[in-house]
Amino acid sequence: MECSYINMYFYSPKGTKNANRIVKMENLTKAYHIPVLLNESMEGLDVHPSGVYVDVTFGGGGHSRAILERLGDEGRLYGFDQDADTELYIPNDSRFVFVRSNFRFLYNFMRYHKVAGKVDGLLADLGVSSHHFDEQERGFSFRFDGQLDMRMNTRSERTAAGVLNTYTEEALADMLYLYGELKQARPLASLLVRTRERKKLETIADLLEAVSPYTGKDKEKKFLAQLFQSLRIEVNDEMRALKEMLSQTLLTLKPGGRLVVITYHSLEDRLVKNFLKTGNFEGKTEQDFYGNIQTPFRLINHKVITPSDEEVARNPRSRSAKLRIAEVIKTT
Ligand SMILES: C[S@@+](CC[C@H](N)C(=O)[O-])C[C@H]1O[C@@H](n2cnc3c(N)ncnc32)[C@H](O)[C@@H]1O
């Protein structure tokens, strides 16, 4: 596994916990992102006051703050995020360590901090935050015009414009089909290639104009959501990062440690579901010599947990969320 130390950033201010700061954070977080399935995920993590926890998707810090509220003075929380904008929300709390990195480097950082194999619980609230969709210049939303960017980590090189203007037609079709589940992937890829031969695709308006033959009125929103999702997943290499992070949870968590994952679309949910059930991404069950099923996890919820109607009404962006929880029964 490679590890980029360029993106390494730690924040662990001296001084003890800071109740005032936590209250102020409440207001900041509301503007950035409303935490999804908060109570359900905290129950799943089952926070012990002196435990070690990891929030691999810190975002606006909503879930991290809830973990800190449950931790005692001896407890510790590591929060990962690859987006520099989240640094504004780092709590001024000596129990918290911020890691400005992609979570695909989870194990190396845990080893660096001497907690690999000692972690009591890890939370992953996958995907992008409301902040990404609401900030015009980040280029994640088809509601605004702007540069075709879509990078969560603005230091990385690959942008949505880069993907659209340099990928082969075949690679574009694969991306649209695999990550956007778009049935029209092939003709759409061909249209994009023909369009960019005349003029590079630089802005969201350029892209919307290029795909206008596909945006019939009634299905427009669904089609664009799938198109933008496929680009975003590709730009941020989301599926590979997720697989790498999940694989490292077995070296990071201790036996009995909890893995709590919130997904937002079927591709990531399938991976998580298979991994928690079987310890591999294909969902293949392995048996020992005596026919006993070998799996590194014990499922805590057999039925997936979804937001209540009340939560969806309060926060419509939670509507596709799915929560899965498992406990490590052995480490590799
Ligand atoms: C859904 S938001 C998390 C919101 C957070 N739970 C809260 O309550 O505010 C996902 C966050 O994870 C970050 N993220 C997504 N994929 C990542 C990855 N591979 N490595 C590090 N951070 C990632 C995004 O930048 C975003 O801030």
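The values are calculated or read from the model by the stated rules, or taken from the named source; none is laboratory data. Just so we're clear, the structure is a prediction, and the values are computed from it rather than from any experiment. Cβ coordinates were reconstructed from backbone atoms using ideal geometry, including for glycine residues, and neighbour counts include every protein chain displayed. What goes into the accessible areas is simple: the full protein's heavy atoms, side chains included, and nothing from ligands, DNA or RNA. Shrake-Rupley method; radii C 1.70, N 1.55, O 1.52, S 1.80 Å.
Helix content alone sets the calculated 222 nm mean residue ellipticity of the chain: runs of n ≥ 4 DSSP H residues at -39500 (n - 2.57) each, divided across all residues, give -12000 deg cm²/dmol. For segment 183-281, the fraction of C-alpha pairs farther apart than 17 angstrom is 62 percent. A simple rule links phi to the HN-Hα coupling: the Karplus curve 6.51 cos²θ - 1.76 cosθ + 1.60 with θ = phi - 60°, which for segment 206-216 gives 4, 5, 4, 5, 4, 8, 4, x, 9, 9, x Hz, with x for Gly and Pro.
Take segment 204-332 with all the other protein chains still there, run a 1.4 Å probe, and you get 51 Å² of accessible area per residue. Extension gain for the segment ASP73 to ARG155, taken as residue separation times 0.36 nm less the Cα-Cα distance, is 26.0 nm to one decimal. Amide H contacts of LYS200 (H built 1.01 Å from N, in plane; Pro and chain starts excluded): no residue 5 or more places away or on another chain comes under 5 Å. The trypsin sites (Lys or Arg not before Pro) of segment 52-135 that DSSP puts in a loop, and whose beta carbon has at most 10 other beta carbons within 10 Å, are LYS114.
Rounded to the nearest 10 degrees, the angle from helix 19-32 to the longest Cα principal axis of the chain is 20 degrees.
To put it simply, the accessible area of segment 138-237 at a 1.4 Å probe is 50 percent carbon and sulfur. Size descriptor for segment 84-208, Kirkwood hydrodynamic radius: 17.4 Å (Cα pairs only, one decimal). Taking one quarter of the surface of the C-alpha convex hull of segment 138-237 gives a mean projected area of 5.6 nm².
Computed over the alpha carbons of segment 102-170, Rg followed by Dmax gives 16.7, 46 Å. Computed from Cα atoms, the angle from the helix 266-278 axis to the main principal axis of the chain rounds to 30 degrees.
Of the trypsin sites (Lys or Arg not before Pro) in segment 133-183, the ones in a loop by DSSP (not H, G, I, E or B) with at most 16 other beta carbons within 10 Å are ARG143, ARG155, ARG158, LYS183. Rounded to the nearest 20, the size of the Cβ-charge dipole of the chain about its Cα centre is 300 debye, with Lys and Arg at +1 and Asp and Glu at -1.
Among 281-287, 160-166, sorting by the average number of other beta carbon atoms lying within 10 angstrom of each residue, highest first, gives 160-166, 281-287.
What percent do you get for the relative contact order of the chain when only Cα pairs under 8 Å and 6+ apart count? Result for the chain is 17 percent. The separation of segment 95-170 from segment 220-264, counted between C-alpha centres, amounts to 10 Å.
Averaging 1/r across all pairs of distinct Cα atoms in the chain and inverting the result yields a Kirkwood radius of 20.9 Å.
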